[in-house]
Amino acid sequence: MNDQPENMQDNKEQTVKKPDEKQGLNIEGYIKIFDPESGTVYVDKKNAIHYENFSVALAKSISNRTTGYIEEMHFGNGGTTVDATGTITYLTPNSSGDNANLYNKTYSKSINDTSSLNTDASRNKITTSHTNGTTYTDVIVTALLDFGEPAGQSAFDNTTTLNDTFVFDEIGLFSWEGSAGEGNLLTHVIFHPVQKSLNRLIQIDYTIRIQSLTNFVDV
């Protein structure tokens, strides 16, 4: 027999907490550009995220669609301007809009190691890293520009023209949307110009951290 007043039972029912389903996700990007032979680091900084395109990519990926996943890394030379005194002006990374892109793409390559378009999957690849008990997972994109890549580059890294085709100052990750070179911009980073020439290797390690806003851990 339950002899508790009916209003006390009602109060207990009202205090039952609902599951918290509004924690939210945070996405951060971090890029390191360096020479894997000498160890010289050219760029070491965070980047901008195109949250609208990234949300579409995440939804497509977990829905096992045939598009939306990270496929390409694009390189460009339109992210900065340099005046006669050598002062560099950095443009704002593109992180919104349906047609967001690099300012001036001059090269791109597949970095998806499961793609038939990737010509060197052992050195251009995507891995994930997660530690049990944490609320984040890292997507690590690795790209290597080999000595002979891209075709048509200068022999030595001594250019005095910082708007040359392969003097890069912007990089972005792009999703696969059905055609090579035509994906959606997911991330965009702008940095001081770095020349790719025949006499040097350049490696890019691009880390994207996806994490719950609970127990936030900076990348």
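Quick grid of which residues meet (1) of a type in the set (G, A, S); (2) surrounded by fewer than 22 Cβ atoms within 10 Å (Cβ to Cβ):
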position: A151; (1), (2): yes, yes
position: L185; (1), (2): no, no
position: R209; (1), (2): no, yes
position: S212; (1), (2): yes, yes
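If I ask for residues that are under 18 Å from N104 (Cβ atoms), of a type outside the set (G, A, S) and part of a loop (DSSP other than H, G, I, E, B), which ones from the stretch 165-183 would you list? Let's see the steps before the verdict.
Let us first name the residues in the stretch 165-183 that are under 18 Å from N104 (Cβ atoms), namely 165-174, 181-183.
Filter once more, keeping what is of a type outside the set (G, A, S): 165-171, 173-174, 182.
Once the filter is applied, which keeps residues that are under 18 Å from N104 (Cβ atoms), of a type outside the set (G, A, S) and part of a loop (DSSP other than H, G, I, E, B), the stretch 165-183 yields T165, F166, E182.
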| task | Please find, within the stretch 53-87, the residue that is nearest to L117 (Cα to Cα) out of those that are touching a Ser or Thr at 6+ places or on another chain (Cβ under 6 Å) and polar (S, T, N, Q). | result | N77
| query | What are the residues in the stretch 72-103 that are at pLDDT 95 or above and under 17 Å from A180 (Cα atoms), if any? | reply | E72, M73, H74, F75, G76, A100, N101, L102
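Which residue out of N118, N112, N132 is buried (at least 17 other Cβ atoms within 10 Å of the Cβ), free of Cβ contacts under 8 Å to residues at least 12 places away in the same chain and out of contact with any helix residue (DSSP H, G or I) (no Cβ under 9 Å at 6 or more places or on another chain)?
Numbers: N112 fails: free of Cβ contacts under 8 Å to residues at least 12 places away in the same chain; N132 fails: buried (at least 17 other Cβ atoms within 10 Å of the Cβ).
Result of the check over N118, N112, N132: N118.
The values are calculated or read from the model by the stated rules, or taken from the named source; none is laboratory data. Predicted model only: the values in this text are computed from it and were never measured. Please note: Cβ atoms are built from the backbone with ideal geometry, for glycine as well, and neighbour counts cover all protein chains shown.
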